[in-house]
Amino acid sequence: MLFLFILVVVIIILLFLFEKDKINVLKKLFITFIISGSFIFIFGLLFKLFISFSVNSINISGVINIIFREFVIISIIFYVCGIISYIGYFLMKKSI
Amino acid sequence: MKKNIVISILLILLICISTIMGTYAVIINVVSENGVDRIVNTITIRDLLSDDNGNYNNTYYDVKNELNVSDDDMDILMNSSYLNDSLKIVLDNVVSYKLRGGNKLSNDYIYDMIVNDVNSDDSIYDELKNKVIDKGSIYRDDISDYVYDIDVNLINGS
């Protein structure tokens with residue numbers, strides 16, 4: 001997990017190094033976080049559907065909802081990060 | 001031009017790694033001790049005896065026929081807070097035993113728990129209590145084996 005986090009930080013630093021217009025990186029991060037958040041949400045939905053179709057003998061809707069909620073929380077965190085990036089981009093662009 | 005390609009690759013990588021990181025965070029959270037406890041605490045007797053659509057499953061009818069009771073009596077047993085609390089203790093122990101190692105609950109312990117629960121619950125009338133206790137005593141020696149036969153695995157397969 002720590003390795004993945006460090007990798008994300010390194011890639012963001014590299015993006016800032018390679019991109020000429022540094023402010024533009026924030027816009028790209030916004031898109032990246034929104035796409036990642038959406039993927040996580042879709043994974044959660046697929047997980048929910050897969051388990052629902054696989055386990056029919058007992059009622060596990062309560063259990064599935066707990067796990068699906070985790071996916072939703074993580075995707076919301078990504079959306080919030082994306083929105084913060086976009087606000088940063090918007091404010092910096094406006095101030096120039 | 002070259003820079004644009006590198007930036008595009010970096011963005012795709014970032015999306016992939018962020019998605020993996022987020023999904024992994026969910027898995028870590030769910031398989032943690034706290035996550036397992038939360039899951040165990042949501043499972044009730046009714047959940048084990050019905051499907052997602054609320055229809056009763058074969059186990060429900062097996063138990064009902066074995067006890068020779070009505071649907072209303074089954075409702076009383078499924079709604080018993082004492083029995084549901086004991087189910088949580090048993091499930092918690094099954095998960096702990098399967099995933100972390102530990103001691104199994106003995107046949108006598110589980111049977112005594114059932115007897116104490118039905119005796120303590122005022123919503124269960126005497127005839128139903130006796131049926132549960134009598135049938136329980138017949139299967140007393142198999143309760144533990146039956147309960148610990150439940151397949152429990154972590155998502156990462158350990």
Quiz prompt | Table column - 3J(HN,Hα) (Hz), segment B:38-55, Karplus curve with 6.51, -1.76, 1.60, x for Gly and Pro | solution = 4, 5, 4, 5, 8, 7, 10, 4, 4, 4, 6, 10, 9, 9, 4, 8, x, 7
Practice problem: Quick one: dipole size for the protein assembly as shown, taken about the Cα centre, charges +1 on Lys/Arg Cβ and -1 on Asp/Glu Cβ, in debye to the nearest 20. | Solution: 2900
Self-check item: Surface accessible to a 1.4 Å probe, A:Ser54 within the full protein complex, Å²
Solution: 70
Quiz item: Taking θ as phi - 60°, what are the ³J(HN,Hα) couplings along segment B:92-100 by the Karplus curve (6.51, -1.76, 1.60), each to the nearest whole Hz, with x for Gly and Pro?
Solution: 4, 5, 4, 5, 4, 5, 6, 9, 10
Quiz item: Say the dipole of chain B comes from +1 at the beta carbon of Lys and Arg and -1 at that of Asp and Glu; which of B:Ile110, B:Ser70, B:Tyr139 then lies farthest toward its positive end?
Solution: B:Ile110
Practice problem: Have a look at A:Gly62, A:Ile96, A:Phe50 and report the one farthest towards the positive end of the charge dipole of chain A, computed about the Cα centre with Cβ charges (Lys/Arg +1, Asp/Glu -1). | Solution: A:Ile96
Practice problem: List, in the order given, every pair from B:Lys98/B:Lys131; A:Lys28/A:Lys94; A:Lys27/A:Lys94 whose Cα-Cα distance in the structure shown is over 22 Å. | Solution: B:Lys98/B:Lys131
Quiz item: Mind checking the log10 I(q)/I(0) for chain A at q = 0.10, 0.15 Å⁻¹? Debye, one equal scatterer per Cα, no solvent, two decimals.
Solution: -0.40, -0.70
Quiz item: Shape call for chain B from the C-alpha gyration tensor, a ≥ b ≥ c root eigenvalues: rounded (a/c under 1.5), prolate (a/b greater than b/c) or oblate?
Solution: prolate
Quiz prompt | Calculated from backbone phi, Karplus (6.51, -1.76, 1.60) coupling profile of segment A:48-53 in Hz, x at Gly/Pro | solution = 4, 5, 4, 5, 4, 6
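The values are calculated or read from the model by the stated rules, or taken from the named source; none is laboratory data. All of these numbers come straight from a predicted model, not from anything done at the bench. Backbone-built Cβ (ideal geometry, glycine too); neighbour counts: all protein chains shown. All accessible areas refer to the heavy atoms of the entire protein, side chains included, with ligands and DNA or RNA removed. Shrake-Rupley method; radii C 1.70, N 1.55, O 1.52, S 1.80 Å.
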